[in-house]
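Visitor: One structure is given below, represented as structure tokens, and several questions about it will come after.
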Amino acid sequence: MKGSRALFALAVALLLGAAVRDRFDAWIDATDLPPLVTETSVEVLDRNGGLLRAYTVADGRWRLAVRPDQVDPNFIRMLLAYEDKRFLQHSGIDLAALVRASFQSLMQGKTTSGGSTITMQTARLLEDGATGTWSGKLRQIRVAIALERRLAKPEILTMYLNRAPYGGNLEGVRAAARAWFAKEPVRMTPAEAALLVALPQSPETRRPDRDPLAARAARNRVLDRMQRAGVLDAETVRNAKTETILSNRYAFPVLAAHLSDRSLAADPLSQTHHLTIDAMLQSKLEGLARHAAEGAGDRLSVAILVADHGSGEILASVGSAGYQEDQRQGFVDMTQAVRSPGSTLKPLIYGMAFDQGLANPETLIEDRPTTFGSYAPQNFDGLFRGTIRIRDALKLSLNIPAVSLTEALGPAVVLARMRRAGVVPHVSGGTPGLAIALGGIGISLQDLTQLFAAIARGGQAVTLVAEVGPAQAAIEQQVLSRSAAWQVADILSDLPPPANSPANRLAYKTGTSYGHRDAWAIGFDGRHVIGIWMGRPDGTPVPGAFGGNLAAPILFEAFSRLKPTLDPLPPPPPETLIVSNAALPLPLQHFRPRDAVFEPAMDGPKVAYPPNGARLVAEGALTVKVRDGKPPFSWLANGMPVATGSFEREQAITRTGLGFLRLSVVDANGQADSVEIRLD
């Protein structure tokens with residue numbers, strides 16, 4: 001009978017236990033969990049994955065995303081040993097730790113040890129709940145058990161590592177390591193790891209910048225316990241205790257700030273933005289911009305853009321001399337601002353003239369007072385050089401020759417060639433005039449650098465990009481022919497460097513806009529192109545400012561900070577015509593305006609075939625025909641002689657290449673005609 005009653009009592013107990021268990025499970029399962037997705041800072045990374053810039057989360061806190069495998073393993077071991085040694089075994093609560101903590105509190109009248117598991121602390125952090133009341137503790141227990149049932153241990157640990165408080169507006173171990181040690185948490189020393197284990201217990205009173213002595217004492221207590229727990233040996237602990245705790249907080253990096261802002265605006269939903277920027281180079285050039293601006297006036301700013309013209313990747317983008325300098329309007333990104341380029345478009349104009357068969361570097365041109373309709377440009381110094389070589393006219397940046405060539409080419413054609421390079425020219429009034437040769441147009445530093453990148457890479461267009469992504473496909477747009485691009489680069493590399501700069505044959509061009517509002521210097525070597533702008537962002541004049549004396553020294557210094565020696569420029573393409581003036585074809589010996597040379601006279605030669613604008617399939621030699629004119633005839637393809645001294649009116653020519661081609665024929669009297677065709 002007694003045995004039957006005992007069995008009955010056991011059965012009732014089991015049923016009651018099962019009922020309580022079921023009710024408890026139902027209570028846990030009904031837990032309304034807080035949002036489990038932790039908002040973390042948007043990060044902008046450089047080409048190597050280094051942090052360029054981070055943005056605070058909505059409430060102004062720094063919370064950099066981190067995973068357990070991105071944290072020093074010693075820190076994880078110390079954290080679990082100090083906070084929750086049975087973390088991997090329990091189901092959200094550690095009953096033994098809770099009983100111990102409660103007993104100690106009753107006996108001593110105050111809290112001397114914590115019974116909260118890491119899961120319970122994570123629950124409190126997710127809800128920002130109270131810790132000093134039984135109701136708050138009960139809520140933590142309920143949420144902790146619910147978390148354990150829905151998430152894996154690594155997920156819970158990740159939440160803690162991202163939400164633990166570390167003083168001020170710092171949350172998460174990665175933000176703390178950056179702020180207190182200026183490093184990523186994967187590289188912490190034992191002393192640093194111990195400090196970050198101690199800080200969340202009392203993040204405000206143990207802050208190193210407020211009370212380094214309290215921080216040191218808390219760190220040392222963690223180290224002592226780690227020695228007793230066998231996590232660290234005695235020698236490691238002794239050495240760790242000797243490490244100084246710095247009483248300062250490191251600022252989060254703000255590199256390439258303007259570019260970061262643009263990247264974020266373009267893709268606001270992305271948490272991570274990968275840029276092609278090189279953080280070390282960016283830092284060097286931001287320092288260069290600040291130094292240059294400090295010596296040039298309190299309202300001046302500087303912008304610098306560096307790119308690999310082979311890949312189009314932007315390696316540095318300095319939008320101003322100081323992102324937060326209001327007096328210099330540092331918030332304005334001057335790599336994107338539309339400004340007058342001064343004389344910096346002249347290399348394109350000369351290169352186009354070489355392509356069109358209008359001129360050669362050795363062609364003579366007149367630099368004399370000239371009126372173009374109502375437009376009467378002057379040289380910058382007010383002087384005129386008379387008859388001069390094209391090469392020297394570009395080197396001296398003379399205005400009259402550049403305008404003469406622009407008139408022969410046509411301003412609209414120059415703009416069309418700029419657009420072929422992916423550049424967006426801004427023309428006031430909508431109709432381009434001859435003044436575009438001297439800066440009568442608007443263009444950004446990035447676009448101007450992209451234009452020079454095309455010249456640097458043999459005349460082929462390239463789009464400058466700042467986002468890391470798949471390799472760019474080649475852009476099948478030829479801004480200049482290979483030979484014209486080489487001729488321009490050869491002339492620009494012969495310019496003397498500014499004072500105290502190395503004579504390294506950097507191909508570069510300077511420019512100064514009307515009223516001394518903008519000073520420019522753009523240069524390239526065999527691999528990189530750098531653009532410099534200097535001026536006032538509000539567009540007011542800077543008296544005495546010239547591209548040559550302000551921007552050019554910055555350009556040369558930027559190259560020296562980029563690399564110790566320049567990459568050589570490529571050799572001339574085989575089709576390049578390199579001869580003296582006397583050996584040039586008659587029409588190329590002395591430039592005359594198009595209406596004097598390339599407008600056929602009544603009895604002058606006329607290209608009979610192919611017709612202007614024709615598109616032909618390149619199959620063997622190209623047959624060309626001429627009518628009228630006086631033999632012998634000379635044929636030029638893109639300014640390069642391909643047949644001379646021919647008395648025949650039908651001629652087969654080779655070595656013309658593919659793409660757009662300007663064919664010119666010159667007769668014995670120097671009269672000429674031209675057509676433009678395309679060979680596929």
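Visitor: How many residues are of a type in the set (Asp, Glu) and under 22 Å from Asp667 (Cβ atoms) if we restrict to segment 603-627?
Guide: 1
Matching residues to (1) of a type in the set (Asp, Glu); (2) surrounded by 21 or more Cβ atoms within 10 Å (Cβ to Cβ); (3) assigned to a helix (DSSP H, G or I):
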| position | (1), (2), (3) |
| --- | --- |
| Ile365 | no, yes, no |
| Leu383 | no, no, no |
| Val403 | no, yes, yes |
| Val424 | no, no, no |
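Visitor: Also: Step by step: first the residues of segment 602-611, then only those that are assigned to a loop (DSSP other than H, G, I, E, B) and at pLDDT 85 or above, then the one that is surrounded by the fewest Cβ atoms within 10 Å (Cβ to Cβ). Which residue is that?
Guide: Pro611
Visitor: Could you tell me whether segment 433-440 includes any residue that is within 27 Å of the chain's Cα centre (by Cα) and modelled with pLDDT under 95?
Guide: yes
Visitor: I've got another one for you. Being aliphatic (A, V, I, L, M) and in a helix (DSSP H, G or I) is true for just one of Val143, Val231. Which residue is that?
Guide: Val143
Visitor: Picking from Thr119, Thr158, which residue would you name as being at pLDDT below 90, part of a helix (DSSP H, G or I) and out of contact with any strand residue (DSSP E or B) (no Cβ under 7 Å at 6 or more places or on another chain)?
Guide: Thr119
Visitor: Mind telling me which of the residues Pro553, Pro568, Pro573, Pro543 ends up being out of contact with any strand residue (DSSP E or B) (no Cβ under 7 Å at 6 or more places or on another chain), surrounded by fewer than 15 Cβ atoms within 10 Å (Cβ to Cβ) and modelled with pLDDT of 80 or more?
Guide: Criteria check complete, one pass: Pro568.
Visitor: Just checking, does segment 317-330 include any residue being outside the structural domain of Glu467 (by TED's automatic domain parsing), more than 20 Å from Ile436 (Cα to Cα) and assigned to a strand (DSSP E or B)?
Guide: yes
Visitor: Follow-up. When you go through (1) of a type in the set (S, T, N, Q); (2) at pLDDT 85 or above; (3) under 16 Å from Asp355 (Cα atoms) one by one for Ser580, which number turns out not to apply?
Guide: (3)
Visitor: Follow-up question, since we're still on this one. Give the residues of segment 379-403 that are out of contact with any Pro (no Cβ under 7 Å at 6 or more places or on another chain), farther than 21 Å from Pro341 by Cα and among the hydrophobic types (A, V, I, L, M, F, W, C), sorted by residue number.
Guide: Leu383, Ile388
Visitor: Being modelled with pLDDT of 85 or more and of a type in the set (Asp, Glu): is that true of Asp628 here?
Guide: Considered against the rule, which asks whether it is modelled with pLDDT of 85 or more and of a type in the set (Asp, Glu), Asp628 comes out as yes.
Visitor: Mind checking whether some residue in segment 185-203 is over 22 Å from Met226 (Cα atoms) and not aliphatic (A, V, I, L, M)?
Guide: Scanning segment 185-203 turns up no residue that is over 22 Å from Met226 (Cα atoms) and not aliphatic (A, V, I, L, M).
Visitor: Something else about it: Looking only at residues that are among the hydrophobic types (A, V, I, L, M, F, W, C), touching a helix residue (DSSP H, G or I) at 6+ places or on another chain (Cβ under 8 Å) and buried (at least 23 other Cβ atoms within 10 Å of the Cβ) in segment 172-187, which one is farthest from Arg249 (Cα to Cα)?
Guide: Here the residue is Val173.
Visitor: Determine whether Leu269 is at pLDDT below 95 and either within 26 Å of Tyr166 (Cβ to Cβ) or aliphatic (A, V, I, L, M) (or both).
Guide: yes
Visitor: Which residue, of Asp525, Asp518, Asp490, Asp538, is farther than 30 Å from His274 by Cβ, among the acidic types (Asp, Glu) and buried (at least 24 other Cβ atoms within 10 Å of the Cβ)?
Guide: One residue alone meets the criteria, Asp518.
Visitor: Regarding Gly357, is this residue part of a loop (DSSP other than H, G, I, E, B), touching a residue at least 12 places away in the same chain (Cβ under 8 Å) and under 30 Å from Ile677 (Cβ atoms)?
Guide: yes
Conditions tested, residue by residue: (1) buried (at least 21 other Cβ atoms within 10 Å of the Cβ); (2) closer than 23 Å to Gly351 by Cβ; (3) not assigned by TED's automatic domain parsing to the domain that holds Pro361.
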{"site": "Arg615", "(1), (2), (3)": "no, no, yes"}
{"site": "Thr623", "(1), (2), (3)": "no, no, yes"}
{"site": "Pro631", "(1), (2), (3)": "no, no, yes"}
{"site": "Ala637", "(1), (2), (3)": "yes, yes, yes"}
{"site": "Val642", "(1), (2), (3)": "no, yes, yes"}
{"site": "Glu650", "(1), (2), (3)": "no, no, yes"}
{"site": "Val665", "(1), (2), (3)": "yes, yes, yes"}
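Visitor: Continuing with this model, one more query. Report yes if some residue within segment 475-496 is closer than 26 Å to Leu396 by Cβ and free of Cβ contacts under 8 Å to residues at least 60 places away in the same chain; otherwise report no.
Guide: Within segment 475-496 (the criterion being closer than 26 Å to Leu396 by Cβ and free of Cβ contacts under 8 Å to residues at least 60 places away in the same chain), the answer is yes, since at least one residue qualifies.
Visitor: Of all residues in segment 304-346, count the ones that are under 13 Å from the mean Cα position of the chain (by Cα) and under 15 Å from Pro537 (Cβ atoms).
Guide: Summing the residues that are under 13 Å from the mean Cα position of the chain (by Cα) and under 15 Å from Pro537 (Cβ atoms) in segment 304-346 gives 6.
Visitor: What is the residue count in segment 272-284 for residues that are part of a helix (DSSP H, G or I) and in contact with a helix residue (DSSP H, G or I) (Cβ under 6 Å, 6 or more places away or on another chain)?
Guide: 1
Visitor: All but one of (1) surrounded by fewer than 22 Cβ atoms within 10 Å (Cβ to Cβ); (2) assigned to a loop (DSSP other than H, G, I, E, B); (3) touching a residue at least 60 places away in the same chain (Cβ under 8 Å); (4) not polar (S, T, N, Q) hold for Gly342; which doesn't?
Guide: (1) is the only condition that Gly342 fails.
Visitor: Next up: Residue check, Ala484 against (1) out of contact with any Ser or Thr (no Cβ under 6 Å at 6 or more places or on another chain); (2) in a helix (DSSP H, G or I); (3) closer than 30 Å to Arg517 by Cβ, all met but one. Which one?
Guide: (3)
Visitor: If you don't mind, another one. Taking the criterion of being over 24 Å from Trp180 (Cβ atoms) and touching a Lys or Arg at 6+ places or on another chain (Cβ under 6 Å), would at least one residue in segment 242-250 satisfy it?
Guide: No.
The values are calculated or read from the model by the stated rules, or taken from the named source; none is laboratory data. Only a predicted model underlies this, so the values are computations on that prediction, with no experimental measurement involved. Counting neighbours? That spans all protein chains shown, and the Cβs are built from the backbone with ideal geometry, glycine included.
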